[in-house]
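The structure appears below as structure tokens.
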Amino acid sequence: MDFAQSARSKDVCARLQAFMDEHIYPNEETYERQMHAFGENRWQTPQILEDLKKVAKAEGLWNMFLPDSELGAGLTNLEFAPMHEIMGKVGWAGEVFNCSAPDTGNMEVLERYGTAEHKERWLKPLLAGEIRSAFLMTEPAVASSDATNISTSIVRDGDEYVINGRKWWSSGVPDPRCKVYILMGKTDPNAPTHLQQSMIAVPAGAPGVTMVRTLPVFGFDHAPHGHAEVLLENVRVPASNLLLGEGRGFEIAQGRLGPGRIHHCMRAIGVAERALERMCKRLVSRTPFGKKLSEQSLWVDRVADCRTEINMCRMLVYHAAWMMDTVGNKVARSEIAQIKVACARMTQRVVDMAIQAHGGGGVTTDFGLAEAYAYARILRIVDGPDEVHNRSIGTMELRKYSNR
């Protein structure tokens, strides 16, 4: 196992860090101020975001994902992983470099499985950062942690498919720049379990599509991108919008979710690093009862625990990324599930300690920790709850001994 950064990865990481220091961190307040100025009409893009996207594109810090593709930077999962940690330290930074979810996953789907028409209509403007996209998988009426439960129907009718169902936690739908949804639904309920589902591209705003409501996370709406509940009633799309073919939904999902988990986990590590940084600065600057908090053995131990857990999770993600690059997503299933569980739990613990160090200030919006905690907590559910992944990890481990 060799987790050493390649020369190419080191170069991009150095340039990315320099960009963050020069353009992102100094403009965090500008971003918040512009969003606040929108008032209730928050579903629009702050100008600073569009300005910085132009700078990033000009500096070649653009589309740094898509391994083994001439459309991206051609970086491997292991090479790209540390870049997501750098971007993850500021919630909106990923979009500046056109490397934010769910667009990265959707672009990978369209690049790998889309037709020439799909690529021209949606992939090309997505890669250019001109539009955004959404991913519609989770449903409120079923336990979507097992995707075989998904009930949204996709029925063939001549040269069209008719879609009926209700989705929620559909990230990206409220964004006015969103022009396409990648939707997972059921084309054949009588087929073998993992051949019932398919994925299809649905133009945003198609007749029959209703955004029922936006869904905040612990009160944070994540505008301008956000999450939504979506009702689809007799939505008709061309049959050519089906991706790869009927019954291929799980196959596509496995190709999409593997790299996406690396991105999610490294962003979480970035969140944890920023929280630890804020915690340490707080501890060395506060002197209650005549002694700095940083001199209290309790806090020294907590800082040590946080540092150790962050480093452990980083190495775990690097190992999973290395396996994906060398033996493929299918063989790395357990490792991918492990990082999904470990990184979310670790980030929640680290942010929680940072909040504790800030006292009452930690639960306000003054230090960014309340939103970081909401983000960390939801990660324990996003892409499947901890319990589901742990069951898979345990089952795969026990299987090694079942025939002995």
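Each value in this text was obtained by applying a stated rule to the coordinates, not by laboratory testing. What you are looking at is a predicted structure, and each value in this text was computed from that prediction instead of being measured. Neighbour counts are summed over all protein chains in view; Cβ atoms, including those assigned to glycine, are modelled from backbone coordinates with ideal geometry.
General observations
- Charge dipole of the chain (Cα centre as origin; +1 on each Lys and Arg Cβ, -1 on each Asp and Glu Cβ, all else neutral): 800 debye, rounded to the nearest 20.
- In this entry, segment 67-185 is assigned a mean projected area of 8.9 nm², taken as a quarter of its C-alpha convex hull surface.
- Computed helical MRE - 222 nm, the chain, DSSP H runs ≥ 4 contributing -39500 (n - 2.57), nearest 500: -15000 deg cm²/dmol
- Kirkwood hydrodynamic radius of segment 138-217, from the reciprocal of the average inverse Cα-Cα distance over all distinct pairs: 13.6 Å.
- For the chain, the longest principal axis of the C-alpha atoms and the axis of helix 28-37 are separated by about 60°.
- Dimensions of segment 250-399 along the principal axes, based on C-alpha atoms and rounded to the nearest Å, stand at 59, 26, 25, largest first.
- Pairs of Lys residues in segment 251-340 are counted when their Cα atoms are under 30 angstrom apart and they lie 8 or more places apart or on different chains; the count is 4.
- P(r) weight above 27 Å for the chain, C-alpha pairs, percent: 52
- Whichever lysines have a C-alpha closer than 27 Å to that of Lys54, once near sequence neighbours (fewer than 8 apart) are set aside: Lys10, Lys89, Lys119, Lys124, Lys179
- The tail of the calculated P(r) for segment 7-114, taken as Cα-Cα distances beyond 16 Å, holds 59 percent of the pairs.
- Taking the longest Cα principal axis of the chain as reference, the axis of helix 77-88 is set at about 60 degrees.
- Note on Asp146, Asp2: ascending count of other Cβ atoms within 10 Å places them as Asp2, Asp146, the fewest first.
- The order of the peptides 212-219, 131-138 by mean Cβ neighbours within 10 Å, most packed first, is 131-138, 212-219.
- Note on Leu379, Leu293: ascending count of other Cβ atoms within 10 Å places them as Leu293, Leu379, the fewest first.
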